[in-house]
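Worksheet for the structure shown next.
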Amino acid sequence: MIEIAMSPATTTLAIAGDLDLAEREQFPEIAARVTGLRRQLLVIDMCRVTFMDSTGAAFLISLADSSRKRGGATVLRGCDDRDLFVLEVCGALEMFRIDADHACPRIVA
């Protein structure tokens, strides 16, 4: 599941679950919505991502590239080392600012 939130200068994508080939059908619509919002800063909240493959990485890369072309920036927060590794292997880690200070809220059952 991907939720989009906005402020005057920022678009935030909150991603939950798998970001992979099985979810690819929704990527073009989400990318179009985010691009259409034209915010300078795109924050991608990965706190609740359970798995990301190269298809998910390509989606994130396309979002960051689109933001960069508009003069904006893309921040990843809540990424675990595995997701950062996938982006690094794809040669795209430098496209993102990494929010290393973000602390994911704990879910209490």
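No lab work stands behind these numbers, since they all come straight from the coordinates. A quick note: this is a predicted structure, and the numbers were derived from the prediction, not measured. Neighbour counts run over all protein chains shown; Cβ positions are idealised from the backbone, glycine included.
Computed over segment 2-99, relative contact order equals 28 percent, with contacts defined as Cα pairs under 8 Å that lie 6+ residues apart.
In this rough spin-label picture, where each label sits 7 Å from Cα along the Cβ direction, the H102-C47 distance is 0.9 nm. Our estimate of slack between E3 and A58, defined as 0.36 nm per intervening residue step minus the Cα-Cα distance, is 18.0 nm. Each residue of segment 58-65 was assigned a 3J(HN,Hα) from its phi angle through the Karplus expression (A = 6.51, B = -1.76, C = 1.60, θ = phi - 60°), giving 4, 4, 4, 4, 5, 5, 5, 5 Hz with x at Gly and Pro. In a simple Cβ point-charge model (Lys, Arg +1; Asp, Glu -1; nothing else charged), the chain has a dipole of about 560 debye relative to its Cα centre.
How big is the convex hull of the Cα atoms of segment 2-99, per residue, in Å³? Present the calculation step by step, with values, prior to reporting the outcome.
Numbers: hull volume 8.0 nm³, N = 98.
So the per-residue hull volume is 81 Å³.
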